[in-house]
Amino acid sequence: MSEKTIPLNFIEHIIEEDLANGLPKENLRFRFPPEPNGYLHIGHTKAIGISFGLGKKYNAPVNLRFDDTNPAKEEQKYVDAIKQDIAWMGYQWDQELYSSDYFQKLYDWAIRFIKNGKAYIDSQSSEEMRTQKGTPTQVGANSPYRNRLIEENLDLFAKMKDGAFSEGTHVLRAKIDMKDPNMLMRDPIMYRVLKKTHHRTGNDWCIYPMYDWTHGESDYIEQISHSLCSLEFKPHRKLYDWFRDEVYSENSRELPLAPKQREFARLNLSYTIMSKRKLLQLVEENVVKGWDDPRMPTISGLRRRGYTANAIKKFIEVVGVAKRENVIDASLLEFCIREDLNKVAPRVMAVLNPVKLIITNYPEDKEELLKAETNPEDESAGFREVPFSKELYIEREDFKEAASDNFFRLSLGKEVRLKNAYIIKADSVLKDSKGAITELLCTYDPDSLSGTGTEASIRKVKGTLHWVSVNHALKVEVRFYDRLFTDEAPDSHKDKTFMDFINPNSLKVTEAFVEPSLASAKKGDSFQFQRLGYFNVDDDTASENIVFNKTVGLRDSWVKKKPIQTQVPDTQTPQVLPINEIMRFGKKYTKLPIEKQELAKTKIQELATSISYDELAPFFGTALKKAGTRIVTMISLGVLLKTTPEITPEIKEFVIKALEDKNELLVLEAKKITF
């Protein structure tokens with residue numbers, strides 16, 4: 001298969017155009033400029049990925065610059081956490097810089113503004129200035145101090161710096177245009193008095209520059225070529241350019257490169273919030289147990305929950321770089337971590353809601369070490385040994401006294417296979433005084449041990465259950481995390497706040513039993529609890545108490561599905577839904593001869609005209625081994641896109657993954673879908 005060409009995003013087009021117009025490639029320089037007033041969250045990963053991704057693509061340096069201009073909210077602990085998160089993501093910055101490094105230069109430039117008649121000291125109250133600023137449809141009014149003499153402005157500004165005035169008495173404003181339709185251009189504040197201790201400069205300063213003044217000039221000082229930020233800063237671009245041009249006019253020889261601001265759509269995720277102020281509220285009001293609580297959308301929270309840097313990077317890649325705001329479904333992020341852990345997480349057995357199972361015909365004093373595959377997706381992972389004995393724990397949900405033919409787990413008189421072990425049959429149960437089952441009494445077929453090659457060992461039974469040996473199991477704590485909010489957009493309601501949508505069931509804690517191999521598990525290690533989901537070892541783990549967090553289930557339990565109404569014809573023969581008929585083809589598609597594949601494909605395309613995207617979407621996450629199902633899903637997707645040609649991130653991820661597959665039929669169908 002030829003190497004596929006990935007199209008340029010709009011930012012890369014801008015850079016390529018600049019290079020074509022004469023910008024030397026060695027002048028490319030980018031930056032990621034967080035404010036150290038909170039922890040980074042999933043929304044920041046897009047900005048991080050864009051900046052560092054461009055640095056990698058163009059072999060250009062990327063600065064990590066902390067925009068630390070508000071000592072009232074900024075702390076060193078946030079600086080440390082941000083650096084840890086970026087390093088964990090696998091990115092390496094060129095220089096670690098701070099806007100506070102430039103406080104003196106910014107002050108000197110501000111004096112030049114005053115001397116050039118471009119800035120003045122305003123002594124009004126904040127309410128008076130707010131009123132005079134006007135509205136988007138009404139021009140503002142000039143401050144009565146706008147025409148102060150230059151000498152008076154310089155004297156007041158010096159006294160502000162020396163601490164002669166209290167907070168709120170004076171500000172330095174740029175003198176631009178109070179009639180500008182862009183309200184940010186109506187004499188914006190450049191400096192305010194703020195008598196707070198700075199985490200780096202201490203009490204050296206009692207005036208601090210505002211963000212709009214600091215941000216662009218820091219870019220200019222560092223000779224950043226492309227200043228990339230999210231869309232909410234697009235209205236700020238005019239002011240960014242004004243400040244830059246004023247400074248550039250006097251400093252172009254020393255600093256010849258004038259940076260260019262461009263904006264991209266921020267990352268919005270369903271069922272969460274992205275405001276650091278509101279995330280801080282969750283922490284301060286003890287809704288969560290800190291910034292790294294696994295329910296938080298912070299990078300540290302995701303890391304603690306078991307998300308990997310690779311999964312987050314893949315998520316950002318699939319989301320892409322766009323110009324329009326949109327909300328990404330949280331299930332896509334969950335899909336990415338599920339796909340990543342499926343490749344790397346060792347498989348183990350754990351029982352979360354145990355009931356004891358006794359094999360009555362198994363020797364009383366016998367114990368065995370059974371061979372179990374560590375990861376079927378990774379041959380190099382090898383095998384592990386799991387102890388087996390007469391008494392086991394299985395999931396209580398895996399047994400019913402009386403069950404229908406559709407229940408493929410254990411019930412009285414029926415057989416199942418124990419994973420990596422024997423076939424057993426349930427004979428009877430023991431109950432307590434309240435009628436609750438306390439023990440299952442079963443018999444096993446001694447010749448049916450998995451992998452032995454005996455006739456009994458290859459006998460087919462419909463169900464396979466996981467288990468742990470009672471005598472060998474470790475008791476552990478398991479924390480089940482669900483989404484923190486019950487609403488897709490908790491921050492979008494006029495009559496309610498995001499706090500009204502807190503999910504009361506976002507955390508449940510239980511005890512469970514796991515196989516003894518997990519005794520050596522280390523903090524941060526991830527595992528697949530077979531048939532249950534992906535779990536990782538929490539930071540609270542101690543030698544006497546192992547704590548696991550549930551990272552994500554094996555399937556999306558929140559997937560949206562349209563209610564499907566089935567009608568039974570007069571003949572009382574139930575109709576087979578088109579989506580089910582399509583998936584039946586998937587079970588045999590790769591085994592069909594070419595001519596029958598063509599006939600099947602024609603039928604699939606015909607059936608696909610009667611299905612919806614919501615019916616098809618759950619099959620995007622089909623396991624790698626089920627090539628036939630993925631092929632018929634791709635064929636059906638091609639039909640749907642003819643009528644609704646919108647490429648969602650989920651579709652893009654599904655197609656990109658298919659293009660990288662070894663199955664030629666799947667690759668062939670995936671190539672027919674363009675985006």
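Of all beta bridges DSSP finds with both residues in the chain, what is the antiparallel percent, to the nearest 5?
Details: 56 of 83 bridges.
Within the chain, antiparallel bridges account for around 65 percent of the total.
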Convex hull of Cα atoms in the stretch 246-376, direction-averaged projection (nm²)
16.2 nm²
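Rounded to whole Å and ordered largest first, report the semi-axes of the equivalent ellipsoid of the stretch 40-98 derived from its Cα gyration tensor (root of 5λ). Please list the in-between numbers first.
Numbers: eigenvalues 91, 32, 20 Å².
Semi-axes, largest first: 21, 13, 10 Å.
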Can you give the percent of C-alpha pairs in the stretch 400-443 whose distance is more than 17 Å?
36 percent
Under 30 Å from Lys434, Cα to Cα: lysines that are on another chain or at least 8 residues apart:
Lys356, Lys390, Lys400, Lys414, Lys425, Lys475, Lys508
The answer for Leu465, listing residues at least 5 apart or on another chain whose modeled amide H is closer than 5 Å to its amide H, is Arg417, Leu418, Lys419
So how much accessible area does Val283 have, in Å² to the nearest 10, using a 1.4 Å probe?
30 Å²
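Convex hull over the alpha-carbon atoms of the stretch 604-643: what's its volume per residue in Å³? Walk me through the numbers on the way to the answer.
On the way: hull volume 2.2 nm³, N = 40.
Hull volume over Cα atoms, normalised by residue count, gives 56 Å³.
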Principal axis dimensions, the stretch 357-396 - Cα atoms, whole angstrom, descending
37, 25, 10
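Please report, in debye to the nearest 20, how large the charge dipole of the chain is about its Cα centre when each Lys and Arg carries +1 at its beta carbon and each Asp and Glu carries -1 there.
Numbers: 99 positive and 101 negative charges, 225 e Å.
Approximately 1080 debye in magnitude.
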Provide, for q = 0.12 Å⁻¹, the log10 of I(q)/I(0) from a solvent-free Debye sum over equal Cα point scatterers in the chain.
-1.37
With Cα atoms, 0 to 90° folded angle of helix 42-58 axis to the chain main axis
80 degrees
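At a Förster distance of 45 Å, what's the computed FRET efficiency of Glu439 paired with Ile502, Cβ-Cβ distance as r, to 0.05? Intermediate values should be presented prior to the final figure.
Values: r = 40 Å, r/R0 = 0.89.
The computed FRET efficiency comes out at 0.65.
Cα-Cα pairs above 18 Å in the stretch 391-483: how many percent? Can you show the working numbers first?
Details: 2214 of 4278 pairs.
Every Cα pair in the stretch 391-483 considered, those over 18 Å come to 52 percent.
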For helix 10-20, what angle does its Cα long axis make with the longest principal axis of the chain, in degrees from 0 to 90 and rounded to 10?
50 degrees
Charge dipole (the chain, unit charges on Cβ, about Cα centre) - positive-most of Ile651, Thr374, Tyr444:
Ile651
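Kirkwood hydrodynamic radius for the stretch 575-675: how many Å is it when counted over pairs of different Cα atoms?
Values: mean 1/r = 0.0746 Å⁻¹.
By the Kirkwood definition, the hydrodynamic radius is 13.4 Å.
For the stretch 357-484, give me the percentage of DSSP beta bridges that are antiparallel, rounded to the nearest 5 percent.
Working: 20 of 28 bridges.
Of the beta bridges lying entirely in the stretch 357-484, close to 70 percent run antiparallel.
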For the stretch 4-130 the translational diffusion coefficient, Stokes-Einstein from a Kirkwood Rh over Cα pairs at 10 °C and viscosity 1.306 mPa s, in µm²/s, is roughly 90 µm²/s
Residues whose built amide H sits under 5 Å from the amide H of Lys356, excluding neighbours closer than 5 in sequence, are Leu440
Please list, ordered by chain and number, the residues whose modelled amide H lies under 5 Å from the amide H of Lys260; skip anything fewer than 5 residues away on the same chain.
His226, Ser227
In Hz, Karplus ³J(HN,Hα) per residue of the stretch 242-248 (6.51, -1.76, 1.60; θ = phi - 60°; x = Gly, Pro):
5, 4, 4, 5, 5, 6, 4
Treating the stretch 8-50 as a set of equal point scatterers at the Cα positions, no solvent, please give the Debye-formula log₁₀ I(q)/I(0) at q = 0.22, 0.24, 0.29, 0.30 Å⁻¹.
-0.82, -0.89, -1.05, -1.09
Output the 0 to 90 degree angle, nearest 10, between the alpha-carbon long axis of helix 76-88 and the longest principal axis computed from the alpha carbons of the chain.
50 degrees
Tell me which aspartates and glutamates have Cα within less than 19 Å of Lys588's Cα, excluding those fewer than 8 residues away on the same chain?
Glu598, Glu606, Asp661, Glu664, Glu669
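Mind scanning Lys56/Lys550; Lys366/Lys460; Lys57/Lys175; Lys83/Lys496; Lys587/Lys671; Lys550/Lys652 and naming the pairs with a C-alpha gap bigger than 30 Å?
Details: Lys56/Lys550 34 Å; Lys366/Lys460 26 Å; Lys57/Lys175 41 Å; Lys83/Lys496 35 Å; Lys587/Lys671 22 Å; Lys550/Lys652 27 Å.
Result: Lys56/Lys550; Lys57/Lys175; Lys83/Lys496 exceed 30 Å.
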Can you run phi through the Karplus equation (6.51, -1.76, 1.60; θ = phi - 60°) for the stretch 424-433 and list ³J(HN,Hα) in whole Hz, with x for Gly and Pro?
10, 10, 7, 9, 7, 9, 10, 10, 8, 5
On alpha carbon coordinates alone, what is the Rg over Rh value for the stretch 119-202, Rh being the Kirkwood radius?
1.01
Computed Kirkwood radius, in angstrom, where 1/r is averaged over Cα pairs of the stretch 256-323
14.1 Å
So what's the back-of-envelope 222 nm ellipticity for the chain, counting only DSSP H runs of four-plus at -39500 (n - 2.57) apiece and dividing by all residues, rounded to 500?
-9500 deg cm²/dmol
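The values are calculated or read from the model by the stated rules, or taken from the named source; none is laboratory data. Because the structure is predicted, anything quoted here is derived from the model rather than measured. Note: ideal-geometry Cβ built from the backbone for every residue, glycine included; neighbour counts use all protein chains shown. The accessibility values were calculated without ligands, DNA or RNA, using every heavy atom of the protein model including side chains. Shrake-Rupley method; radii C 1.70, N 1.55, O 1.52, S 1.80 Å.
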